[in-house]
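Read the structure below first, then the notes.
The values are calculated or read from the model by the stated rules, or taken from the named source; none is laboratory data. Fair warning: this is a prediction, and the values are worked out from it, not measured in the lab. Quick reminder, even Gly has a Cβ in these numbers, built from the backbone with ideal geometry, and neighbours come from all protein chains shown. Note: accessible area is taken over every heavy atom of the protein model, side chains too, but ligands, DNA and RNA are not part of it. Shrake-Rupley method; radii C 1.70, N 1.55, O 1.52, S 1.80 Å.
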Amino acid sequence: MQVTKVLAMMALAVPAGLAGCGMWRGDEVFSSKQQECMARAMYFESNRSSRDGMIAVGSVVMNRVASADFPNDVCAVVGQRNQFAPGVMSKPMKEDASRARVAEAAAAVLAGERHPNIENARFFHMASYNAGYDNMHYVLTTGGNAFYEKRRPEQVTQPRPVAATEGVTR
């Protein structure tokens, strides 16, 4: 049987069976380990911020997963050296309320939700940080972080973080 036919048959049967194993999105299954990695990125980068901030961080992770410039796996992206908060993959997530919030946001991103203003951003830093590089095109500020795309300097039309917005995601 052709692989596409098998996948089509699985698409009908698998989602209900994956409820405890992982997230299902189209032809992609995200394991509970990948859900944890996404939640860890959100917890250590934006857990005390808004839902918009968490969804934006998750959107950056997924933009990286989709890019040929980064690993194609959530955990590999989140675990990349010097890319996310120190200890993102090893420190304990101690705050119960925050863990619940990031678990919901991580599940939403893995199910396909993206911050509508994130565009192609694959990078972010604290909104208060002044990076000073000429290749940063800012698209969003939310949850205490400024999100940007790296572009050739002559293609940058928004060289400074945009005004913060909140309440955009559900």
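List of remarks:
- The set of residues in region 110-161 being assigned to a loop (DSSP other than H, G, I, E, B), farther than 23 Å from residue 48 by Cβ and not basic (Lys, Arg) consists of 111, 112, 119, 120, 132, 133, 134, 135, 156, 157, 158, 159.
- Here residue 162 meets the list (1) free of Cβ contacts under 8 Å to residues at least 40 places away in the same chain; (2) over 16 Å from the mean Cα position of the chain (by Cα); (3) loosely packed, with under 14 Cβ neighbours inside 10 Å almost entirely, failing just condition (3).
- Complete set of residues in region 44-68 that are in a loop (DSSP other than H, G, I, E, B), under 18 Å from residue 142 (Cβ atoms) and open to solvent by less than 50 Å² (accessible area, probe 1.4 Å): 47, 49, 50
- Cβ pairs under 7 Å, 6+ apart, first in region 141-154 and on the phi > 0 side of the Ramachandran plot, second not small (Gly, Ala, Ser): 143/52; 143/54; 144/126
- Index of the failed condition, residue 134 passing every other in (1) buried (at least 17 other Cβ atoms within 10 Å of the Cβ); (2) in contact with a helix residue (DSSP H, G or I) (Cβ under 7 Å, 6 or more places away or on another chain): (1)
- Cβ pairs under 6 Å, 6+ apart, first in region 65-82 and without any contact (Cβ under 8 Å) to a residue 12 or more places away in the chain, second surrounded by 14 or more Cβ atoms within 10 Å (Cβ to Cβ): 71/77; 72/65
- Among the residues listed as 100, 107, the single one being without any contact (Cβ under 8 Å) to a residue 12 or more places away in the chain and either open to solvent by 40 Å² or more (accessible area, probe 1.4 Å) or part of a helix (DSSP H, G or I) (or both): 100
- Count of region 69-97 residues which are part of a loop (DSSP other than H, G, I, E, B), small (Gly, Ala, Ser) and within 16 Å of the chain's Cα centre (by Cα): 2
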